[in-house]
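Notes to accompany the following structure.
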Amino acid sequence: MNELINIDYKGEKPTISGRELHKALEVKTAYKDWFPRMCEYGFTEGTDFNSLIFEQVRLEGSRTVKREISDHKMTISMAKEICMLQRNEKGKQFRQYFIAVEEMWNSPEMVMKRALRLANEQIEELKLDNAVKQQQLAELQPKANYYDVVLNCKDLLPRSVIAKDYGWSAAKMNVYLNKKGIQYKQGNLWLLYQKYADKGYTHTKTYPYYAPDGTIHTNVHTYWTQAGRLHIYELLKADGIYPIIEIN
């Protein structure tokens, strides 16, 4: 079937441009007057047609002028009735054409083709949606796993245990935290810089012990709270370093 006018098959129903139909029917009345008059025959916006506005640029003498042009996307059913209203040979020709378009559109082959296309589009949408959800789950799950471990543990921890989360030694963790400006070494003890001292990241305990000569001495141990453990986690994550639980 030869195409007499451009038809848009992308929507639920095939549609055409009101202006193109007006031109094809060789209507003498201006489109802005003709279309409202056609609508008086009972056509409804949103059902039979939708209004469109586009910008037209053209030269008028030496000036470039922009104008807003109205158009309408109408259904084939509306176009067919409008052609009948013209009561001329062009109207008859285009009405027959639109009847053939409707028959083709509603044929079992075309209905099946649209159904398959819709099914394939839905499958692709589901695949994409599933892929996005899997990625979101992959992005969130590692954090949730480690956070669960941390939040379920209420005990104070020595630095060596936190370091073990990453397959590190306590010495390596100490060096890392020192470079990050979190802690400094005084004597044999690692202490937090004042900026972090009141954050609740650590808890220091003093233990007495007996020297070989029987005298009592004290030893100080710094333990990390779960808040401190999560702070270390965020520091390392920012550097692309993750706990073993999130890698395996």
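A short reminder: the numbers here are calculations on the coordinates, not readings from a lab. Source: prediction; values computed, not measured. Using ideal geometry, Cβ is built from the backbone for each residue, glycine included, and neighbour counts are taken over all protein chains shown.
What the table below lists for this structure:
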{"quantity": "Helix-derived mean residue ellipticity, 222 nm - over the chain, DSSP H n ≥ 4, -39500 (n - 2.57), to 500", "calculated": "-16000 deg cm²/dmol"}
{"quantity": "Region 14-58: Rg to Rh, with Rh as the Kirkwood radius over Cα pairs", "calculated": "0.97"}
{"quantity": "Longest exposed-site-free window of the chain, the sites being trypsin sites (Lys or Arg not before Pro) in a DSSP loop that have at most 16 other C-beta atoms within 10 Å", "calculated": "88-153"}
{"quantity": "Surface/4 estimate of mean projected area, convex hull on alpha-carbon atoms of the chain, nm²", "calculated": "28.5 nm²"}
{"quantity": "Distance violations [Cα-Cα > 32 Å] among Lys127/Lys154; Lys80/Lys113; Lys32/Lys113; Lys66/Lys92", "calculated": "Lys127/Lys154; Lys32/Lys113; Lys66/Lys92"}
{"quantity": "Region 154-247 shape via C-alpha gyration tensor axes, a/c threshold 1.5", "calculated": "prolate"}
{"quantity": "Proximal charge balance of Pro158 [Cβ under 14 Å; K/R count +1, D/E count -1]", "calculated": "+2"}
{"quantity": "Two-decimal ratio, region 15-106, of alpha-carbon radius of gyration to 2.2 N^0.38 Å", "calculated": "1.21"}
{"quantity": "With at most 16 neighbouring Cβ atoms within 10 Å, loop chymotrypsin sites (Phe, Trp or Tyr not before Pro) (DSSP) excluded, longest segment of the chain", "calculated": "42-192"}
